Amino acid sequence: DRSRCQRLNLSGNTINCFLTGNPDSYRNLVGKGLRCLLDAPHTSGQEVYRNANHSLGRFFSQSSQSLGEKIPSLLISSVGQPPRHFPAWNIQINRSFHASPALQAAPVPLFWIIVKPAQKLFAIILGRSIRKWWKALPPNKRELFKESARKNKWKILLGLSSLGVVFVMFYFTHLEETPITGRARLLVFGKEHFRELSQMEYDMWMEQFKNQMLPETDARYQVVERVVGHLSESNKDVPQVSALKWVIHVVDEPGVNAFVLPNGQVFVFTGLLDAVSDIHQLSFILGHEIAHAVLEHAAEKASLVHFLDFLSLIFLTMIWAICPRDSLAVVGQWIQSKLQEFMFDRPYSRTLEAEADKVGLQFAAKACVDVRASSVFWQQMELAETIQGQPKLPEWLSTHPSHENRAEHLDRLIPEALKIRESCNCPSLSGPDPRLIFKLNMQHLLESSKGRGPPNSTKQDPSKPKLDFPHT
């Protein structure tokens, strides 16, 4: 069973999915109307708290004997009191869940940080100089130059074609195979560059959050530590997982956020712990973040971005050479950068998110997690934004898929993940499907919210049924 489980995990080419989120939007939104609509009574919150305790203990006792004692509740507060509201809603809601922010998802070597602006400046100066030189030419010399270009058009075309061949050869000679999934990808930077960068970035984050780090004795820290430990132990057959030392850092921040640096440093915000409903959702999200590090998405994204940036220098030079005025050249440069961003950078980021979700779901399945809970988390995030009336941006504007599309794609991945889970000799899943529970709760919510007061009213109509959100 174990070897079969390994084979299933390493095949990685059975299902494809494209995922979501928007790391560019880091605004915290206060859920005023949300708290009114979902203002469950205190007794309901206590019941949820007790269910969470039971769920955590049952999950770890079923899935791993090595974890030992019953894990403390994921939802316990710093003073040991149960939350007053259903944890998925008692949060400050971000526009999106930020899995691997832009800086974490694509760090770049220091050399390129310095050289990149210099390259663009050189292209601008060169293009502007060509334009001035052309304007300074007398009319007769311009005609002679045009005639010479027409006579040698094939030589010019051959030279441009040769340059294109050089770029194509460079691309194909730097292709490597992605671990686990076997997808071909461009990889220009070596792993050693990113190990050094990861350490620098780690020092930066530790300095920024030095006064907000939870101690190892905190129950929330212990939950994250055991979830990550259980995921890594269950997937130690994957060389990239066993090669890294996973170090936990829990930050006391309300943002719904988590990321893993390429060197295995795991950062989880307490806002995420408040947002998840159970240990299964948390396990999937951390599996997704671990997948980013294992699949080396940082080096891959940086490689593609800098390859495209270098290629775009030719177009940047042409823009500044052709445009008659500097103001038009600036507009042309902005248009070029936006075309590159929305046609290449962001779609590629969504592809990487899809791959991380696929592999992260496999990691969670091998750890005996209820993988069906993965799509419920994104449905909860979608519902929270809908209740708050937040505008929905088109997916092509984001570096991540939308919450709704992410949940749908995860639903398509879940059947294969359940097969992996079964092949790993995991305990059978008991109880109803959490997706069905969520759907029924949403119907209950819609029915109960009809005829209630405005969102800013804190009074509850005693004639209406009280909302309760039992855990799976």
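The values are calculated or read from the model by the stated rules, or taken from the named source; none is laboratory data. Bear in mind that the values here come from a model prediction, so they are computed numbers and not experimental data. Don't worry about glycine lacking a Cβ; one is built from the backbone with ideal geometry, like all the others, and counts go over all protein chains shown. SASA here: full protein model, heavy atoms, side chains in, ligands and nucleic acids out. Shrake-Rupley method; radii C 1.70, N 1.55, O 1.52, S 1.80 Å.
Note on the stretch 291-300: residues that are open to solvent by 10 Å² or more (accessible area, probe 1.4 Å) and more than 16 Å from GLU192 (Cα to Cα) amount to 1.
Condition test on PHE172, is it open to solvent by 80 Å² or more (accessible area, probe 1.4 Å), among the aromatic types (Phe, Trp, Tyr) and within 21 Å of TRP320 (Cα to Cα)? So PHE172 fails the test. Within this structure, TRP133 passes the test of being modelled with pLDDT of 90 or more and either touching a helix residue (DSSP H, G or I) at 6+ places or on another chain (Cβ under 8 Å) or open to solvent by 60 Å² or more (accessible area, probe 1.4 Å) (or both).
Go through the stretch 209-234 and count every residue that is open to solvent by 40 Å² or more (accessible area, probe 1.4 Å) and under 21 Å from the mean Cα position of the chain (by Cα). Going through the stretch 209-234 one residue at a time, the tally reaches 1. Exactly one condition in (1) closer than 27 Å to ALA302 by Cβ; (2) open to solvent by 20 Å² or more (accessible area, probe 1.4 Å); (3) assigned to a loop (DSSP other than H, G, I, E, B) is false for ASP237; which is it? Condition (1) is where ASP237 drops out. State yes or no: is LYS151 more than 29 Å from GLY264 (Cα to Cα) and charged (D, E, K, R)? Judged against the criteria, LYS151 is a match. Are any of the residues in the stretch 339-362 in contact with a Phe, Trp or Tyr (Cβ under 8 Å, 6 or more places away or on another chain) and over 20 Å from LEU397 (Cβ atoms)? The answer is yes; a qualifying residue exists.
Taking the condition free of Cβ contacts under 8 Å to residues at least 24 places away in the same chain and either outside any loop (DSSP other than H, G, I, E, B) or aromatic (Phe, Trp, Tyr) (or both), does PHE307 pass? So PHE307 fails the test.
With respect to the conditions (1) farther than 25 Å from PHE267 by Cβ; (2) within 21 Å of the chain's Cα centre (by Cα), TYR171 lacks only one, and its number is (2).
Only residues that are open to solvent by less than 90 Å² (accessible area, probe 1.4 Å) and in a helix (DSSP H, G or I) were counted across the stretch 147-156, and they come to 4. Of all the listed residues (ALA321, ALA384, ALA329), the sole one being buried (at least 22 other Cβ atoms within 10 Å of the Cβ), of a type in the set (A, V, I, L, M) and either farther than 30 Å from TRP134 by Cβ or in contact with a helix residue (DSSP H, G or I) (Cβ under 7 Å, 6 or more places away or on another chain) (or both) is ALA384. Contact map, the stretch 215-237: residues that are touching a residue at least 40 places away in the same chain (Cβ under 8 Å) paired with residues that are of a type in the set (Lys, Arg) and surrounded by fewer than 21 Cβ atoms within 10 Å (Cβ to Cβ), Cβ distance under 8 Å, separation 6+ or inter-chain. Pairs shown: ASP237/ARG2. Filtering the stretch 118-148 to residues that are under 40 Å from the mean Cα position of the chain (by Cα) and of a type in the set (Val, Ile, Thr) leaves ILE124, ILE125. Is it true that some residue in the stretch 397-409 is open to solvent by 20 Å² or more (accessible area, probe 1.4 Å), assigned to a helix (DSSP H, G or I) and either over 24 Å from ASP278 (Cα atoms) or among the polar types (S, T, N, Q) (or both)? Looking for residues that are open to solvent by 20 Å² or more (accessible area, probe 1.4 Å), assigned to a helix (DSSP H, G or I) and either over 24 Å from ASP278 (Cα atoms) or among the polar types (S, T, N, Q) (or both), one finds at least one in the stretch 397-409, hence yes.
Within the set of pairs 6+ apart or on separate chains, which have a first residue in the stretch 183-204 that is without any contact (Cβ under 8 Å) to a residue 40 or more places away in the chain and over 19 Å from LEU304 (Cβ atoms), a second that is part of a helix (DSSP H, G or I) and open to solvent by 20 Å² or more (accessible area, probe 1.4 Å), and C-beta atoms under 8 Å apart? From residues that are without any contact (Cβ under 8 Å) to a residue 40 or more places away in the chain and over 19 Å from LEU304 (Cβ atoms), there are no pairs.
Take the conditions (1) under 22 Å from ALA275 (Cβ atoms); (2) at pLDDT 90 or above; (3) not polar (S, T, N, Q); ILE387 misses just one of them, which is (2).
Screening ASP468 on (1) modelled with pLDDT of 80 or more; (2) open to solvent by less than 60 Å² (accessible area, probe 1.4 Å) shows it passes everything except condition (1). Looking across the stretch 343-355, the residues that are out of contact with any Asp or Glu (no Cβ under 8 Å at 6 or more places or on another chain) and buried (at least 24 other Cβ atoms within 10 Å of the Cβ) come down to SER349, GLU353, GLU355.
The residue that is most open to solvent (accessible area, probe 1.4 Å), among those in the stretch 176-202 that are over 12 Å from SER303 (Cβ atoms) and in a strand (DSSP E or B), is GLU177.
All of ILE285, ILE314, ILE248, ILE335 fail the test of being assigned to a helix (DSSP H, G or I), open to solvent by less than 30 Å² (accessible area, probe 1.4 Å) and of a type in the set (Val, Ile, Thr), apart from ILE285.
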